[in-house]
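In what follows, a structure is listed as structure tokens, so that the remarks can point back to it.
Every number here is computed from the coordinates shown, using simple stated rules; none is lab data. What you are looking at is a predicted structure, and each value in this text was computed from that prediction instead of being measured. Reconstructed Cβ throughout: ideal geometry from the backbone, glycine too, with neighbour counts over all protein chains shown.
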């Protein structure tokens, strides 16, 4: 039964049809599928399928990235209260757009994926000063700071990722907090993340979920 | 030959001494004039002067009447732009904050009477008088399918496009299309001879093939219904759109295609052939850290991929301000050298 649910759900996500995806979820619940199975055996694998399709399918597109993340986040949010016991959270991340940058789409896609992957992700909003990224990461005991920048000057500027790296170094936080970036400038120049002091980058919002989870595993808990 | 004649020769396949060479230095004009971005973009005289000086310094072919992309949102009521002295201005206040605002959105019957047009007109008048007879004078017009991004942000536009009420989406698109059509006519009337039709949502990496057919094409047809295709350029930001070029040529009649930097130039040229113009574009973000030698090598590769048989232009994206001057010079020196015809 689960196989047909997975197939129908993946098809709905691939077609960016949120109503159809929720219809699959509701039917599955009515058939007795548990909320835990819906998240761990349907939703998260669907995100992973999309990660794979992004690199292999020439017709994978921005609309699919967006809807994959949205549907995953909304289904997970609906399922969590039905869990028999609270799920184990992998870790916490803070996310925002770089200082001077008001483009929020990439951040939203990443957040949607992370929520479905059991990462506690805190949205710091847009145009976030470097100090705030670090202060909030410390206050919330986050293991990853994720910075989205869609313009070259916000990706490379002195008040963005470079400043966050400088603050992490000055405050002795580099062992505790990893720094990841994403956004168009990094796609056009895959070496750019190194020059701004990031530990990693992701080429798209869906892949960013995996990159961030991998980074969390490198960090020793405080 | 003048740069305008060289461009015309490239489009029509006539002999010319070299490729047309486009270099998009926009925000650099403020630095050139010693002004903040906000002050620079406040006056059409400044933008025109910045364009003329940058072109004179480097010798490339075209000038721009474009201030910044958010200027189009100002024509629909946006009055808050976030300026940065090291980069491109952003729209800071969206005209459409919730879906109810769509009904309140008004497109003037004559956008040239809108105060936001005044400085654009001033800039165009100066550029037309100074170089309009000899150089490509470019204008930038966003397609209806993409204009909502400037009015409500990408997130809200995707929500509406992918899952919102169809009647509301279409109402917004109709208004955007009306603005697009007015802008195309107004820029042409004011002397622009190259109209860059910016349509990232007219590319499959944005919307996929199915939605390209059902959404992008119908709205682009509306945008361009009755519009003279001369000087019209299909541009999808920095996105690759080789897979729709044939259809855009066949059904929309746009014959000039400004590729993304990751596009396969030879493939694009094999599609466009001698019917129009293939514009090969350098990845100008890499120009930030490349050496002049690496820059030259990439220009050489692009020219080699597209130059044979003509119908080819060398171009850039929106050059970031971080690019060292030595690399701008190296890129253009190489373009003039490798773009020469025997």
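Things worth noting here:
- Principal-axis analysis of the Cα atoms of chain A puts helix A:130-139 at an angle of about 60° to the longest axis.
- Applying 1/(1 + (r/R0)^6) with r as the Cβ-Cβ distance of residue A:141 and residue B:291 and R0 = 45 angstrom yields a FRET efficiency of 0.55.
- Here each label is just a point 7 Å from Cα along the line to Cβ, and for residue B:275 and residue B:174 those points are 3.3 nm apart.
- Gyration tensor (alpha-carbon) shape descriptor, the range A:1-158, a/c threshold 1.5: oblate
- Kirkwood hydrodynamic radius computed over the protein assembly as shown comes to 24.7 Å, based on all pairs of distinct alpha carbons.
- Bridge type composition, the protein assembly as shown - antiparallel percent by DSSP, nearest 5: 10 percent
- Look at B:206, A:66 and count the other Cβ atoms within 10 Å of each Cβ; fewest to most, that gives B:206, A:66.
- Helix B:154-163 and the longest principal axis of the Cα set of chain B meet at an angle near 60°.
- For the range A:91-218: relative contact order, % (alpha-carbon pairs under 8 angstrom, 6 or more apart): 28 percent
- Virtual spin-label span in nm between residue A:122 and residue B:118, 7 Å along Cα→Cβ: 4.7 nm
- Gyration tensor (alpha-carbon) shape descriptor, the range A:91-218, a/c threshold 1.5: rounded
- Residue order for B:199, B:316, fewest other beta carbons within 10 angstrom first, comes to B:316, B:199.
- Each residue, residue B:308 and residue B:92, gets one label point 7 Å from its Cα in the Cβ direction; the gap between the two is 5.2 nm.
- Using the Cβ-Cβ distance between residue A:49 and residue B:129 with R0 set to 60 Å, the FRET efficiency works out to roughly 0.55.
- Taking the fewest neighbouring Cβ atoms within 10 Å as the starting point, the ordered list for A:25, A:126 is A:126, A:25.
- Residue list for the range B:215-246, given a label point 7 angstrom along the Cα-to-Cβ vector of residue B:266 and an amide N cut-off under 19 Å: B:241-243
- Protection proxy ranking, peptides B:238-249, A:73-84, average beta carbon neighbours within 10 Å, highest first: B:238-249, A:73-84
- Summary value for the range B:23-162: 28 percent relative contact order, contacts being C-alpha pairs under 8 angstrom separated by 6+ residues.
- Across chain A, C-alpha contacts under 8 Å between residues 6 or more apart give a mean separation that, scaled by the residue count, equals a relative contact order of 18 percent.
- Annotation: the antiparallel percentage among DSSP beta bridges lying fully within chain B is about 15.
- Between helix B:44-58 and chain B: long-axis angle, C-alpha atoms, 0 to 90°, nearest 10: 20 degrees
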